[in-house]
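A quick write-up on the structure given underneath.
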Amino acid sequence: MDHATRYLPLQLIFPACRPAIRWLAQHFPDPPQTANMAARAAVNAASRQLMEAWRREGKAEARGRGAGAGTDDGDKLASVAGGKGGGGFRAVGGGLSSSSFMAAMMEGRRGAAREERMSDVEVIAQGFTFMLAGFETTANTLAAAAFLLATHPQAAERLAAEAVGVAGRELSQELLAEETLRMYPPLPFLMREAREEVDLGGGRTAPKGSFLVLHVHAMQSSESQFPHSERFMPERWLPESGGALGPADPHAYAPFGVGARMCVGYKLANMVSGRGCVCA
């Protein structure tokens, strides 16, 4: 936040004014916003170059196989480059690596109805979102896990023993990641806009169009939800604990959100965080 644009806290404080704040940020950017816009433009340009390379490669191979006659659908043609058996990925255009996230999105448009396919802008936006959501958050979680292990040497020794196969799985990598995310969630709060009136219980309702904030850090630090919440206890996540160490409510643990819109990369994030701690 120290180096963020001044428009960011304004959006958080006045969420209903976001359209006006975004217009001001675009037309009257401060230095941090100018740097942000330049970075977005660079990502957009690089993404479009990769997508064009994907299409050119697909068209070239389709012509070589005689599959390109009478069509200009670059995505369908690009799928021809997937190799025998269809559905495999390979490096194309000298830049789009095999099995990359962008390649998966481009390949995912194959065979879908035109109105159901992601547009180029949507593909780029999804890639940019994954860059923002998947790198700094995981790095912050690894930093927090390293701090917790450094200040809890017994837990560090148990994890090291497990890594070399000496001990069992009493303190697994996944449990370490879960406890770290409980104590230091990368996103301390989540915001949602109510699309309809929401019953909050106790006679309280949130009107349609209002913005609701879920304070993840406060919830996961609550003694009512997690006994001894201030203590670093990876064992609280063992099935043998029977939930005695929390959470009292299954939705009280939400570092990736909850429901249909929770983070789609939560499994990958847990795996990377756990493996990263072992490698460190």
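The values are calculated or read from the model by the stated rules, or taken from the named source; none is laboratory data. What you see is a predicted model, and the numbers here were worked out from it, not measured in a lab. Heads up, the Cβs are rebuilt from the backbone with ideal geometry, glycines too, and the neighbour counts pull from every protein chain shown.
I'd like to know if segment 267-278 contains one or more residues that are part of a loop (DSSP other than H, G, I, E, B) and of a type outside the set (Val, Ile, Thr).
No.
Go through segment 106-116 residue by residue and tally those that are farther than 11 Å from residue 51 by Cβ, assigned to a helix (DSSP H, G or I) and in contact (Cβ under 8 Å) with a residue 24 or more places away in the chain.
Residues that pass the stated criteria total 1.
Cβ-Cβ distance below 9 Å, separation of 6 or more or different chains: which pairs start in segment 210-230 with a residue that is touching a residue at least 12 places away in the same chain (Cβ under 8 Å) and within 15 Å of residue 254 (Cβ to Cβ) and end on one that is buried (at least 18 other Cβ atoms within 10 Å of the Cβ) and among the basic types (Lys, Arg)?
Note: pairs meeting the criteria are 220/182; 221/182; 226/182; 226/236; 229/182.
Given the condition at pLDDT 90 or above and of a type in the set (S, T, N, Q), answer yes or no: does some residue in segment 165-172 qualify?
For segment 165-172, residues at pLDDT 90 or above and of a type in the set (S, T, N, Q): absent.
All but one of (1) touching a Gly at 6+ places or on another chain (Cβ under 6 Å); (2) among the hydrophobic types (A, V, I, L, M, F, W, C); (3) exposed (fewer than 15 other Cβ atoms within 10 Å of the Cβ) hold for residue 244; state the number of the condition that does not hold.
The single condition residue 244 does not satisfy is (1).
Among (1) modelled with pLDDT of 80 or more; (2) over 26 Å from residue 264 (Cβ atoms); (3) surrounded by 15 or more Cβ atoms within 10 Å (Cβ to Cβ); (4) among the charged types (D, E, K, R), there is one condition residue 182 misses while meeting the rest; what is its number?
Only one criterion is unmet by residue 182, namely (2).
Take the residues in segment 117-135 that are without any contact (Cβ under 8 Å) to a residue 12 or more places away in the chain and in a helix (DSSP H, G or I); name whichever of them is farthest from the chain's Cα centre (by Cα).
Within segment 117-135, the match that is farthest from the chain's Cα centre (by Cα) is 121.
Quick one: which residue in 76, 59, 84 is surrounded by 14 or more Cβ atoms within 10 Å (Cβ to Cβ), among the basic types (Lys, Arg), over 30 Å from residue 262 (Cα atoms) and modelled with pLDDT under 75?
76
Pairs under 7 Å by beta carbon, first residue within 19 Å of residue 124 (Cβ to Cβ) in segment 26-54, partner hydroxyl-bearing (Ser, Thr, Tyr), six or more apart or different chains?
What qualifies is 36/5.
Return yes when residue 13 is loosely packed, with under 14 Cβ neighbours inside 10 Å and β-branched (Val, Ile, Thr) and no when it is not.
So residue 13 passes the test.
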